[in-house]
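The values are calculated or read from the model by the stated rules, or taken from the named source; none is laboratory data. What you see is a predicted model; the values in this text were computed from it and never measured. Here the Cβ positions follow ideal geometry from the backbone for every residue, glycine too, while neighbour counts run over all protein chains shown.
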Amino acid sequence: MEGKIFEYLDKYNYENLFFFNDNETGLKGVVCIHDTTLGPATGGLRMWTYQNEWDAIEDALRLGKGMTYKYAAAGVDLGGGKAVIIGDPKKQKSEALFRAFGRFINRLNGLYITGQDVGTTLRDMETIRLETPYVVTLPREFGGAGEISPYTALGVYQAIKACTKEKLGTDRLEGVRIAVQGVGSVGYHLVKHLAEEGAIITIADIDAKRTNEVAEEFGTNVDSIDKIHALDVDIFSPCALGKVINDRSIEELKCSIVAGCANNQLAEEKHGDYLDELGILYAPDYIANAGGTIFDTDRIKPGGFNEQRGVNAVKRIYETMTDLIHISKTEKIPTYKAADLFAERRIESVGKAKHVRKQSSIFK
């Protein structure tokens, strides 16, 4: 992409790319606005030690486009966007830096709404909120949804059940063999759901202490983080690494379903095609892991945050995944393409409706 940024923006229909800089605080970063057909661009703020500026730009663009599809497929009336700050979240955070960022996005006047992501916390969101109302991820005492990882896990659980209904003929998970790669905040809550239903679970994580604690709590088996994908199971659930479905690993899979919360599970699109050829049902990551986003953004609906309404919306991931499977079978395309098609159809439909409303207002 380097040196051809406008060509890239045109190719993937990006609306805006903003750069921000503040010498006093050292703030340097990017906000990407991908598509606002459904509503204002919304997406988390990532703080990361990028090797160079181009890596930061590319990350913002890739993630912003992904949020467009995630919101569209989830039925949320928001567009896709993303912000990144170039810096070490362990060493370079300060109140002044996040307040400077808040002032920057406030100047966008609602075009972009920010939230928590890798390298940022709810506390950081509180600081940003001091300078702008355009923050979606907030603690409950600030009117937000609070910690969202349990609801991300709930969404993955619903996607898994929809997939087992298709492949195993039932959505009951008792006795179903499931390998979970990664038991961080989301993976932990997913294992809890699976264990409560009587699944036979094997887990792996790079943190050995964490792995042993979760295994002891839920009575799971333990395996290596590098080999867990190759176990003879019904479901492989990637909840840690991106690009885990790649040229090497795909040949070693012995499952009939891949469904987890990790982002960017397919190293390349061709791996989604290959899963389909192998007869392995894939729950597209931005469908399966949308639960936290759905729950989090409930606060922008009329009346403010409503927990039960948010939970009900997360549970509809079961229906969404079922619809994608139907599209995949009807159109004879892999599920990752069905997910994109599902999202694009909604954006196109809403876009046409908005255009009609604008035209009709001329004659009032």
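Quick look at the values:
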| read-out | value |
| --- | --- |
| Residue ranges of strands (runs of 3 or more DSSP E) in region 1-53 with at least 1 members closer than 30 Å to Ser349 by Cβ, acidic (Asp, Glu) and in contact with a Gly (Cβ under 9 Å, 6 or more places away or on another chain) | 27-35 |
| Qualifying position, being over 22 Å from the mean Cα position of the chain (by Cα) and either modelled with pLDDT under 95 or of a type in the set (Gly, Ala, Ser) (or both), among Gly292, Gly279 | Gly279 |
| Check on Asn264, surrounded by fewer than 23 Cβ atoms within 10 Å (Cβ to Cβ), of a type in the set (S, T, N, Q) and part of a helix (DSSP H, G or I) | no |
| Search result, residues across region 177-198 that are buried (at least 24 other Cβ atoms within 10 Å of the Cβ) and part of a loop (DSSP other than H, G, I, E, B) | Gly182, Val183 |
| Count of residues meeting criterion [basic (Lys, Arg) and either assigned by TED's automatic domain parsing to the domain that holds Leu38 or closer than 15 Å to Gly66 by Cα (or both)] in region 317-344 | 1 |
| Of the criteria (1) in contact (Cβ under 8 Å) with a residue 40 or more places away in the chain; (2) among the charged types (D, E, K, R); (3) farther than 18 Å from Lys167 by Cα, which one Arg210 fails | (1) |
| Subset of region 230-257 [surrounded by 19 or more Cβ atoms within 10 Å (Cβ to Cβ), within 25 Å of Arg46 (Cβ to Cβ) and modelled with pLDDT of 95 or more] | Ser237, Pro238, Cys239, Val244, Ile245 |
| Positions within region 99-118 being assigned to a strand (DSSP E or B), touching a strand residue (DSSP E or B) at 6+ places or on another chain (Cβ under 6 Å) and over 16 Å from Glu15 (Cα atoms), in sequence order | Thr114 |
| Given (1) touching a residue at least 60 places away in the same chain (Cβ under 8 Å); (2) surrounded by 17 or more Cβ atoms within 10 Å (Cβ to Cβ), number of the condition Asn16 does not satisfy | (2) |
| Contacts under 6 angstrom Cβ, first residue in region 141-168 being polar (S, T, N, Q), partner not in a helix (DSSP H, G or I), 6 or more apart | Thr152/Cys261; Thr152/Asn289; Thr164/Asp171 |
| Leu275 vs. criteria touching a residue at least 24 places away in the same chain (Cβ under 8 Å), among the hydrophobic types (A, V, I, L, M, F, W, C), touching a Pro at 6+ places or on another chain (Cβ under 8 Å) and in the same structural domain as Leu154 (by TED's automatic domain parsing) | yes |
| Top-ranked residue in region 136-184 [being in contact with a Gly (Cβ under 7 Å, 6 or more places away or on another chain) and among the β-branched types (Val, Ile, Thr); ranked as farthest from Leu231 (Cα to Cα)] | Val136 |
